[in-house]
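The values are calculated or read from the model by the stated rules, or taken from the named source; none is laboratory data. No experiment lies behind these values; they were computed from the predicted model shown. No Cβ is skipped: glycine too gets one built from the backbone with ideal geometry, and neighbour counts run over all protein chains shown.
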Amino acid sequence: MAPVPIQQQQALIERLYAACGGSYSPETRRKYFISGPQWAAAYQGQALFHAPTRREVGFEQIIRKWGEIGIGHWTTHDTDVIPTGAIGTDEQWEIVASINKALQENGVKCSMVTTETFHHAVWAASPAAEAPEVRDYAKFRVINTVKIGHELGAQFAVYWPGSLGYYVQGAVEETQTLRWYADALNAACDADVEIAKKRGRPVLKHCLEAKPFEPQAEILLPTSDAMLAFIFSGLLKRPEMVGLNPEYLHELMWGAAPRAALARALICGKLFHFDINDGYRLKHDVDIAVGLVNPLDWLNVLVLLRAHEYNGPFNLDYKPPRTTSNHGVFAVSFPTAVDRFITLWEMAGEVSTDPIVTEATTALKTGGGVQDAKDVEAIVKANSELLTLHELIAHRLFQILIGQHRGRIYSF
């Protein structure tokens, strides 16, 4: 193959993308509650050891591209679009008005807003630091985000307390820090109730997002289970308003099973929002797009969510690779991520009606028919053959994933 001139490279990418097939129309994509974050598309490839590889992109272009792709919802941190110094000022509301205009022009809605409480130097000791002025500023920021959320028509507010922790033991008193953090959430919920009443809107759903590693050496709320304990601890004035925004990779990072974490949130009625991506266990937060690493696990996750009729957002919280160009972010990264998700979601629906899976799971639930619940040997004997169905079900899921159940086989 001859070298590809620069002016021909985008055309090559688009031709090969079209040749892949399997794409959904923007109209079909909009039928799913998929949201695209400002920060994901605006990510320039920078990291601790990496220089940026892409140009800066503003919210006008991102919202326009979401509309073209068929991503019906947009999400943002406050400081993704508003300079920190402008938070709460007239300049902020001018920017918010411009965002509203862009959303309306492109048929996109704002579904979620979140507060940056991890990057700025003021959060060096977390938003629940010892200094009362830091904690007062944290309350101001989360209340301000609630105001922005209502102005943009959002339904959700998310909080990632990534800097809530410490570098060295003994530096903070953990129980006091958690109480101080609860104070900020209480302030946000109280303000939300007041604002929603004045505007005639429902209150927002406030969602906590856990992450086991970074930026602190030790995190006080590192997992979704820790978040659930915090919600039900008695520290929150309005715990009914607060739930979870688990992130797939954040649960996977520490070696957990994301599906099991989601199941525990479902049991508690606290699965409000879901950040979707992919990655590797016991690694850093690489934020790969859905299905590129663990497609079978993702199929299982969506089988669970469909079975429990989850109808909340699926937020594309991933970073296009540093090797992807600005053009590629919108021509390849996000359209393919959405299409893989839709395919896996529909496959999960197929699993729920598959006759083999249905018969196998029904047989397992029915058991071998032993009447004497104290006859342990009879119970073992009556069910030992049935338990082989666990592996058969897993094989069937693999067949559905690769299309083997529809006759797709390889000839040698």
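Every condition in (1) in contact with a Leu (Cβ under 6 Å, 6 or more places away or on another chain); (2) not assigned by TED's automatic domain parsing to the domain that holds Arg55 holds for Ala373 except the one numbered (1). Restricting Ile400, Ile356, Ile342 to those that are touching a Phe, Trp or Tyr at 6+ places or on another chain (Cβ under 7 Å) and either over 30 Å from Lys65 (Cα atoms) or surrounded by 15 or more Cβ atoms within 10 Å (Cβ to Cβ) (or both) reduces the list to Ile342. Residues that are of a type in the set (S, T, N, Q) and not in a loop (DSSP other than H, G, I, E, B) were ranked within segment 293-343; the one that is farthest from the chain's Cα centre (by Cα) is Asn326.
From the list His390, His327, the lone residue that is in contact (Cβ under 8 Å) with a residue 40 or more places away in the chain, touching a helix residue (DSSP H, G or I) at 6+ places or on another chain (Cβ under 8 Å) and surrounded by fewer than 18 Cβ atoms within 10 Å (Cβ to Cβ) is His327.
For Arg30, the conditions (1) under 27 Å from Ser111 (Cα atoms); (2) surrounded by fewer than 10 Cβ atoms within 10 Å (Cβ to Cβ); (3) not acidic (Asp, Glu) all hold with the exception of (2). Segment 215-290 holds helices (runs of 4 or more DSSP H) entirely within its bounds, and those carrying 2 or more residues that are within 19 Å of the chain's Cα centre (by Cα) and within 24 Å of His73 (Cα to Cα) map to 248-253, 258-267. Screening Thr89 with (1) in contact (Cβ under 8 Å) with a residue 24 or more places away in the chain; (2) surrounded by fewer than 17 Cβ atoms within 10 Å (Cβ to Cβ); (3) among the hydroxyl-bearing types (Ser, Thr, Tyr) gives one miss only, at (1). The requirement of being buried (at least 19 other Cβ atoms within 10 Å of the Cβ), without any contact (Cβ under 8 Å) to a residue 60 or more places away in the chain, within 18 Å of Phe230 (Cα to Cα) and of a type outside the set (A, V, I, L, M, F, W, C) is not satisfied by Thr115. Residues that are buried (at least 21 other Cβ atoms within 10 Å of the Cβ), under 24 Å from Asp278 (Cβ atoms) and touching a residue at least 60 places away in the same chain (Cβ under 8 Å) do not occur anywhere in segment 225-234.
Please verify whether Lys109 is under 24 Å from the mean Cα position of the chain (by Cα), under 30 Å from Pro26 (Cα atoms) and in the same structural domain as Pro161 (by TED's automatic domain parsing), treating the condition exactly as stated. Judged against the criteria, Lys109 is a match. Taking the condition in contact with a strand residue (DSSP E or B) (Cβ under 8 Å, 6 or more places away or on another chain) and closer than 21 Å to Asn326 by Cβ, does His73 pass? Against the criterion (in contact with a strand residue (DSSP E or B) (Cβ under 8 Å, 6 or more places away or on another chain) and closer than 21 Å to Asn326 by Cβ), His73 does not qualify. In segment 121-139, the residues that are more than 16 Å from Thr84 (Cα to Cα) reach residues that are polar (S, T, N, Q) and modelled with pLDDT of 95 or more with C-beta atoms within less than 9 angstrom, at least six apart or across chains, in these pairs: Ser126/Thr117; Ser126/Thr177; Ala128/Gln176; Ala128/Thr177; Ala129/Thr177; Glu130/Gln176; Glu130/Thr177.
Within segment 163-211, the set of residues being over 18 Å from Ile143 (Cβ atoms) and in a helix (DSSP H, G or I) comprises Glu174, Thr175, Gln176, Thr177, Leu178, Arg179.
Close Cβ contacts (under 9 Å, 6 or more residues apart or on different chains) running from residues in segment 39-63 that are at positive phi to residues that are surrounded by 14 or more Cβ atoms within 10 Å (Cβ to Cβ) comprise Gly45/Thr53; Gly45/Arg54; Gly45/Lys319; Gly45/Pro320; Gly45/Pro321; Gly45/Arg322; Gly45/Thr324.
Being surrounded by fewer than 18 Cβ atoms within 10 Å (Cβ to Cβ) and under 20 Å from Trp160 (Cβ atoms) is a property that Thr53 lacks. Would you check if there is a residue in segment 192-210 being touching a Gly at 6+ places or on another chain (Cβ under 7 Å), charged (D, E, K, R) and touching a residue at least 12 places away in the same chain (Cβ under 8 Å)? Yes, segment 192-210 has at least one match.
Residues checked against (1) under 23 Å from Thr336 (Cβ atoms); (2) modelled with pLDDT of 95 or more; (3) of a type in the set (Val, Ile, Thr):
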residue: Ala2; (1), (2), (3): no, no, no
residue: Gly22; (1), (2), (3): yes, no, no
residue: Gln44; (1), (2), (3): yes, yes, no
residue: His73; (1), (2), (3): yes, yes, no
residue: Gln92; (1), (2), (3): no, yes, no
residue: Ser98; (1), (2), (3): no, yes, no
residue: Lys101; (1), (2), (3): no, yes, no
residue: Lys109; (1), (2), (3): yes, yes, no
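So which residues in segment 155-179 are under 27 Å from His273 (Cα atoms) and hydrophobic (A, V, I, L, M, F, W, C), if there are any at all? Listed by number, the residues that qualify are Phe156, Ala157, Val158, Trp160, Leu164, Leu178.
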